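Reading through the structure tokens given below for one structure.
The values are calculated or read from the model by the stated rules, or taken from the named source; none is laboratory data. Since the model is a prediction, treat every value here as computed from it, not as a measurement. In this analysis, Cβ positions are derived from the backbone assuming ideal geometry, glycine residues included, and neighbour counts consider all displayed protein chains.
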Amino acid sequence: MDWEVIGSTGEWAGAITVVITLFYLARQVKDATAVARSASRQAISQMNIDAWAVSVDSQILSRASAKVRSGEELTLEEQGNYDRWIIMRMRFIENALYQYHEGLLDTDEWIGYRNLIPFLVGPQSPAHEAWKVAAVAFSKKLVNEVEEALLKDQGQSKALV
């Protein structure tokens, strides 16, 4: 066999290897960027939840939860604590939705979180009106998911406490 042919074949193989390596590295950079973006989103979401958590009194929330289960009316203080707690839960669900769309959360896990939506902010929930006001502070993707979940549920779910 001719050494020039062998050398030429080796150069082609090397060039193809370089191209494949570049595609591989580009994919790695893309994946690393997605994970970094997701971690940043998680940190921001957690800071938001932590900030809201300071304004929730666990004793008042406990009373409010008991009243919700028994069907009693909440005082303004109890309603405020309950609403803030639900808004924190919705921020958590919004983050789960983001993780799901980024491919970092399994479909079954997302469906579990999505199924909580009617209980948290559906028409039967004491936090329903608060959600309608607070929805503007959430992503359009979450607001759309909430609307779809509530439409599917059609008010069948009672409040989750």
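Miscellaneous remarks
- L104 satisfies every condition listed in (1) modelled with pLDDT of 90 or more; (2) of a type in the set (A, V, I, L, M); (3) out of contact with any Pro (no Cβ under 7 Å at 6 or more places or on another chain) except (1).
- When S58, S125 are screened for being touching a residue at least 12 places away in the same chain (Cβ under 8 Å) and of a type in the set (S, T, N, Q), only S125 passes.
- Evaluation of I86 against (1) within 19 Å of S58 (Cβ to Cβ); (2) without any contact (Cβ under 8 Å) to a residue 40 or more places away in the chain (one fails), failing number: (2)
- Close Cβ contacts (under 6 Å, 6 or more residues apart or on different chains) running from residues in segment 26-41 that are on the phi > 0 side of the Ramachandran plot and exposed (fewer than 11 other Cβ atoms within 10 Å of the Cβ) to residues that are among the basic types (K, R) and not in a helix (DSSP H, G or I) are absent.
- Scanning segment 148-157 for residues that are closer than 28 Å to S62 by Cα and at pLDDT 65 or above yields A149, L150, D153, Q154, Q156, S157.
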